[in-house]
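These notes concern the structure reproduced below.
Read the figures in this text as sums done on the coordinates, not as results from a lab. The shown structure was predicted, so the numbers you read here are calculated from the model rather than taken from an experiment. With ideal geometry, Cβ positions are generated from the backbone for all residues, glycine too; neighbour counts draw on all protein chains shown.
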Amino acid sequence: MSIHALSSFAGRSDVSHQELANAIRFLAIDAVEKAKSGHPGMPMGMADVATVLFSHFLKFDASDPVWPDRDRFVLSAGHGSMLLYALLYLTGYEGVTLDELKAFRQWGSKTPGHPEYGHTPGVETTTGPLGQGIATAVGMALAERLLNAQFGNDFVDHHTYVIAGDGCLMEGLSHEAISLAGHLRLGKLIVLFDDNQISIDGSTSLSCSDDQLARFKASGWSAERIDGHDPQAIAAAIERARSNDRPSLIACRTVIGFGAPNRQGTEKAHGAPLGAEEVAKTRVALDWPYEPFQLPEHIVAQWRKIGARGQAARRSWMERTRRVNSVPRSSFHDALNRKLPCEYADAIDQLCTRFGAERPTIATRQASQLVIDAIAEALPNLLGGSADLTHSNLTRAKTQRPVRADFFEGNYIHYGVREHAMAAAMNGIALHGGFIPYGGTFLTFADYSRPAIRLAALMGIRVIHVMTHDSIGLGEDGPTHQPVEHLTSLRAIPNLLVFRPGDAVETAEAWDCALRAEANPSVLCLSRQALPAFREAAGGANLVALGAYVVIEPAGGRDVTLIATGSEVSIALEAAKLLAKDNVRAAVVSAPCFDLFRNQSSEYRAEVLGSAPRIGVEAAVEGDWARWLGDSGEFVGMAGFGASAPAEVLYREFGITTEAVAKAAQRSIVRSRMAATYA
Ligand SMILES: Cc1ncc(C[n+]2csc(CCOP(=O)(O)OP(=O)(O)O)c2C)c(N)n1
């Protein structure tokens, strides 16, 4: 394959396409060499594609990485991070300096092993777990269409470009994502597939015989294959993709490690430094007579011009939108602004007061439905959805209308049975800006979404998962559908807020916490079964925000503290009454969010937990509870999987009852007295 001169594309006759692309290649080679680790093969193979994209198509301005109408560029093949860092440096993103490239993969650098959102300017999303980038990009492309439908071309009219490799397309998630994108006809989504037929183990023929073009076409995409080292072919294919009303796959046939004489085209180029000898040979082969990290001025100058190419488009966007009547302009900025409008605060306060006064006995999923209904109008950028469980999750507000390929004015997404793509797309929607996405499924299927939830937590973005049917309390569907370990496993993800509200007021407060958490994703774990109300509205104070709080404080001091979450708070309250008959003074603590409780002051935590023995009650496995219960404490919950039977029978058979809690309390009081006696 040959690299043709692309002077007309490069905009200047004295800097060739080849020079521009080789600058990327050698920055990647040299940075990986210096770090003694990293992935040179992919940047070397895709340098031509990236050069054509950035120099002629991508609408961006390196001086303003967050300009709202920029094209989004997602490096789904995140292991090729040096491709992106080289581009960010060359085009002039502030802070991405040559020294940062020299510090590739080192402590404190702007150039971590895989691209991290919020860490490096110009990185639109964190990638590395293969398949996440392409699915996140589907969310970005969807958000673009939705905002466009609201505000028009003057405000929002941009593309989403993705570079994805064989690995991304082998991942199951890619299937969900391309299927959803094809269904919604996201025509401004363009995937540049690094079709190098190599992954870590060797040739992709070892493990995969998919006809990728046929696969994408079957999902409603346009798809074609080109020579990924021919700049004209790349440019022509991108042109065609841009004028197409379907999402587009361009399979760019490339050579991994392009230019390294002994490694190119093999898995040896994938994930290890080339080594001094091979680097020297590559310099000769690509006619690059420069020292490591040394770049000729004319090449850098040309790249900087490319970085400034979008300035005119950005200025014209600013002028255009400034001229627009102030009402749409301010609602556009309100949508992008992460703050909640004051109408929202009024709506949620009123609902809490109503719940507190009416004390409804309803499932927390029903309470959640009422919350969504109450806040939907006050939060015009709330974007709902469910993975085909709308009527079970109760996620659709009466006012919400489904999004369709011919109706982007909608604000409710039927994600289909695609939990993982839903979670990843919600990440993309949140990253794009303009919406607060929430989506529903059963808590037991959180595992299907988990990799994307983890990335949301890592990125610190506001995405709300409404996960109903949160315990054996769902009953007859049986152990496949009854989560037992999910609360614990979700609580193990740093920065993720896991809420398990116990009644209607707590559900409204949990929603409020999730909406106000600008830098955290949340999971709302909600019951299928009706629960009695135990809370009155606390005069404007959100008690769920404390993580845990005392619901009942017995007069004269505590003999025992019963700590429960969600549907088990009412069991703890009944147990406290039973214990009172035996003159045992039991405090009851509701703990709807341990993540928030952990952040409270040690004084507050000590006050809530008390010094009496503690009993934990949760219809799930014990997990981390021991931390809150101490040595004399006891846990009443599940020890294994559930079973298929009515909910009351399951609670009885698995021993999560008022009597069992009272007995555990009595036992722990005896244990702690004995411990005190023999201490
Ligand atoms: C979900 C996930 N599984 C495994 C990996 C480890 N991994 C990183 S790159 C890679 C191979 C990817 O092959 P390809 O996309 O063809 O990349 P190329 O070899 O062309 O650079 C694997 C398995 C990962 N990053 N993410």
Tell me the Kirkwood radius of segment 144-233: reciprocal of the mean inverse pair distance over distinct alpha-carbon atoms, in Å.
14.8 Å
Could you tell me how many degrees, from 0 to 90 and to the nearest 10, lie between the Cα long axis of helix 364-375 and the main elongation axis, the longest principal axis, of the Cα atoms of the chain?
60 degrees
Can you give me the Cα centroid spacing of segment 442-499 and segment 85-139 in angstrom?
29 Å
As a Kirkwood estimate from alpha-carbon pairs, segment 571-617 has a hydrodynamic radius in angstrom of 12.0 Å
For the cross-link pairs 217/398; 217/305; 36/339; 59/398; 59/217, which exceed 32 Å when the distance is taken from alpha carbon to alpha carbon?
217/398; 217/305; 36/339; 59/398
For residue 531, distant residues with modelled amide H under 5 Å away
362, 363, 364
Explain nothing, just compute: Karplus ³J(HN,Hα) = 6.51 cos²θ - 1.76 cosθ + 1.60, θ = phi - 60°, for every residue of segment 166-178 in order, whole Hz, x for Gly and Pro.
4, x, 4, 7, 6, 4, x, 3, 4, 5, 4, 5, 6
Rounded to a whole number of µm²/s, how large is the Stokes-Einstein D of segment 497-625 at 20 °C and 1.002 mPa s, given Rh as the Kirkwood radius over C-alpha pairs?
144 µm²/s
What translational diffusion coefficient, to the nearest whole µm²/s, does segment 205-278 have by Stokes-Einstein, given a Kirkwood radius computed over alpha-carbon pairs, a temperature of 20 °C and 1.002 mPa s viscosity?
149 µm²/s
5 Å is the cut-off here: which amide hydrogens, built 1.01 Å from N in the peptide plane, fall below it relative to residue 523, excluding neighbours closer than 5 in sequence?
465, 497, 498, 499
Take every DSSP beta bridge with both residues inside the chain and express the antiparallel ones as a percent of the total, to the nearest 5.
15 percent
Can you give me the long-range amide H partners of residue 165? Hydrogens built in the peptide plane at 1.01 Å from N, cutoff under 5 Å, separation of 5 or more residues or another chain.
77, 194
Neighbourhood charge, 14 Å Cβ-Cβ cut-off, centred on residue 261 and excluding it, Lys, Arg +1 and Asp, Glu -1:
+2
Using Cα-Cα distances under 8 Å and only pairs 6 or more residues apart, what relative contact order does segment 420-499 have, in percent?
30 percent
Semi-axes (Å, rounded, descending) of the ellipsoid equivalent to segment 239-340 per its C-alpha gyration tensor are 44, 21, 15
Take each of the peptides 480-486, 336-342, 113-119, 524-530, average the number of other beta-carbon atoms within 10 Å over its residues, and list them starting from the highest.
524-530, 480-486, 113-119, 336-342
Distance histogram in 5 Å bins (all Cα pairs of segment 474-520, percent per bin)
5, 18, 18, 21, 22, 11, 5, 1
Using a Förster radius of 25 Å, what is the FRET efficiency between residue 320 and residue 240 based on their Cβ-Cβ separation? Nearest 0.05, please.
0.35
What is the angle, in °, between the Cα long axis of helix 658-678 and the longest principal axis of the Cα atoms in the chain? Nearest 10 is fine, range 0 to 90.
90 degrees
Can you give me the Kirkwood hydrodynamic radius for segment 8-115, using every pair of distinct Cα atoms, in Å to one decimal?
14.1 Å
If one takes the longest principal axis of the Cα atoms in the chain, at what angle in degrees, from 0 to 90 and to the nearest 10, does the Cα axis of helix 419-432 lie?
70 degrees
For segment 545-603, the percent of all C-alpha pairs falling in each 5 Å bin, from 0 up to the bin holding the max distance, is 4, 20, 26, 22, 15, 9, 3, 0
Go through 30-39, 640-649 and give me the packing order, highest mean Cβ count within 10 Å leading.
30-39, 640-649
Scoring segment 205-272 by relative contact order with C-alpha pairs under 8 Å, at least six apart, yields a percentage of 26 percent
Per Stokes-Einstein, at 10 °C and 1.306 mPa s, what whole-number D in µm² s⁻¹ belongs to segment 407-554, with the Kirkwood radius over Cα pairs as the hydrodynamic radius?
99 µm²/s
Cα coordinate range in segment 304-418, projected on the principal axes (Å, largest first)
64, 35, 27
Work out from phi, with θ = phi - 60° and the Karplus expression 6.51 cos²θ - 1.76 cosθ + 1.60, the ³J(HN,Hα) of each residue of segment 547-557, listed in order in whole Hz, and give x for Gly and Pro.
x, 8, 7, 7, 8, 10, 10, x, 5, x, x
Taking N as the residue count of segment 599-666, its alpha carbon Rg divided by 2.2 N^0.38 Å gives 1.27
Could the peptides 323-335, 231-243 be put in order, highest first, of the mean number of other beta-carbon atoms found within 10 Å of their residues?
231-243, 323-335
Two-decimal ratio, the chain, of alpha-carbon radius of gyration to 2.2 N^0.38 Å
1.07
Sequence neighbours fewer than 8 away in the same chain don't count; with that in mind, list the lysines whose C-alpha is under 27 Å from residue 663.
577, 581
